[in-house]
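Beneath this line is the structure, given in structure tokens, with notes to follow.
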Amino acid sequence: SEAGKLPSCVHHRDLWDVLMQICEEEDILDDAYELERDEGPDELLEAIQEVATPKAFVETMDFSPHERGRDVLLITGVGKVYPFVRAHDVMEAAQPIIEDIPVVLMYPGVFDGRTLKLFGRLEDGNYYRAFSLL
């Protein structure tokens, strides 16, 4: 295998790439600058969140087919998509689809065994069936 290349059983999805794909498909990127300039950042955030829903993330990630006992899903880009979408919302929406394979979520924050704090500061108050790899 080539250096730096993931094995075929590891399905990697970067949430920022997924967000950009959703925004391109919804044709929102061309108007983003004008919307923020004219209406403000809150309106831009709202417009993006209307199309980049957790369900849209899961549908766009499309990591099927996958094989139970062999495949792993690696999710990166959590910090890059904040505040457009929260990791727990994507994980919750994906649960019915990925319940049969392990998921490694690269999370830029602190996990205390029960909750996560994004960037070590923003507590989301959600429970994760998770554990730290490091």
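A few comments on the model shown:
Per-residue answers, yes or no, for (1) farther than 27 Å from Leu45 by Cβ; (2) within 9 Å of the chain's Cα centre (by Cα); (3) surrounded by fewer than 16 Cβ atoms within 10 Å (Cβ to Cβ):
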| site | (1), (2), (3) |
| --- | --- |
| Val58 | no, yes, no |
| Ser64 | yes, no, yes |
| Arg68 | yes, no, yes |
| Ile75 | no, yes, no |
| Val78 | no, yes, no |
| Val81 | no, yes, no |
| Met91 | no, yes, no |
| Ile97 | no, no, no |
| Val104 | yes, no, yes |
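- Considering the stretch 1-120, there are no qualifying helices (runs of 4 or more DSSP H) wholly inside with 1 or more residues that are aromatic (Phe, Trp, Tyr), in contact with a Phe, Trp or Tyr (Cβ under 8 Å, 6 or more places away or on another chain) and modelled with pLDDT of 90 or more.
- Residue check, Val51 closer than 30 Å to Glu99 by Cβ, hydrophobic (A, V, I, L, M, F, W, C) and in contact with an Asp or Glu (Cβ under 7 Å, 6 or more places away or on another chain): yes
- Considering the stretch 5-52, and only residues there that are buried (at least 16 other Cβ atoms within 10 Å of the Cβ) and among the β-branched types (Val, Ile, Thr), the residue that is nearest to Val81 (Cα to Cα) turns out to be Val18.
The values are calculated or read from the model by the stated rules, or taken from the named source; none is laboratory data. Predicted, not measured: the structure shown is a model, and the values here were computed from it. Note that we place each Cβ from the backbone using ideal geometry, even for glycine, and neighbour counts take in every protein chain shown.
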